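Worksheet for the structure shown next.
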Amino acid sequence: MRKVKIFPPQVWRNKETMYRLIAAKCTSCGNVMFPARDVCNKCGSTKVTKVRLSGKGTLISYTVNYQSLPGMEKVQPSYIGLIKLDEGIEIVAPLTDVDENLREGARVEATIRRIRADSTNGLIEYGVKFRLVENEPNR
Ligand SMILES: [Zn+2]
């Protein structure tokens, strides 16, 4: 069995990105950056503020992964989606509670799920996965 090592300081450093979907928004040009940056990658301005993304978006495309990373063997196959968030950002993230009936263009939302477990001390890492939105009101 492959060994998995989770480093709590690393998880802590990434907490805003991984758990709360914190992005940065440039107050000069309106550009939204995720993960958050201190300098706008469009206009170079340092006037950026942190914004929390809605976590809702549309599934653009997805892939089914039959190989698993160490610590993720229980989730097989795993679905990885390319998601366009409502704020205009495209991200690649794991999908959860989906099967082969998944279709592109579906509405998805972020949820916190178990990502993997440390094989030596039982630490469990959680993170954002996306699930289908059921019966979302017309937008
Ligand atoms: Zn800018």
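Here's how it looks for V48: its modeled amide H is under 5 Å from those of T27, which are all 5 or more places away or on a different chain. Per-residue Karplus couplings for region 112-121, computed as 6.51 cos²θ - 1.76 cosθ + 1.60 with θ equal to phi - 60°, are listed in order as 8, 9, 5, 9, 6, 10, 6, 6, 9, 10 Hz, Gly and Pro entered as x. The phi torsions of region 49-61, fed into the Karplus equation with coefficients 6.51, -1.76 and 1.60 and a -60° offset, translate into couplings of 10, 8, 10, 9, 6, 5, x, 10, x, 10, 6, 8, 7 Hz, rounded to whole numbers, with Gly and Pro shown as x. Reducing region 30-93 and region 96-115 to their Cα centroids gives an inter-centroid distance of 14 Å. Just R37, R103, R13 to compare: in a GNM of the chain, with alpha carbon springs under 10 Å, which one fluctuates most? Taking springs between Cα atoms under 10 Å, the residue moving most is R13. Once backbone amide H atoms are built at 1.01 Å from N, Y126 has I115 as its partners under 5 Å, excluding neighbours fewer than 5 places away on the same chain. Estimated translational diffusion coefficient (Stokes-Einstein, Kirkwood radius over Cα pairs, 25 °C, 0.890 mPa s) of region 8-132: 156 µm² per second.
Over 24 Å apart at the Cα level, from the set K3/K84; K5/K50; K15/K129; K5/K25, are K3/K84; K5/K50; K5/K25. The convex hull of the Cα atoms of region 90-139, projected and averaged over all directions, covers 4.8 nm². Each residue of region 23-34 was assigned a 3J(HN,Hα) from its phi angle through the Karplus expression (A = 6.51, B = -1.76, C = 1.60, θ = phi - 60°), giving 10, 10, 10, 6, 7, 7, 10, x, 4, 9, 10, 9 Hz with x at Gly and Pro.
Every read-out reported here was derived from the displayed coordinates using simple, explicitly stated rules and does not represent laboratory data. All values reported here derive from a predicted model rather than from experimental measurement.
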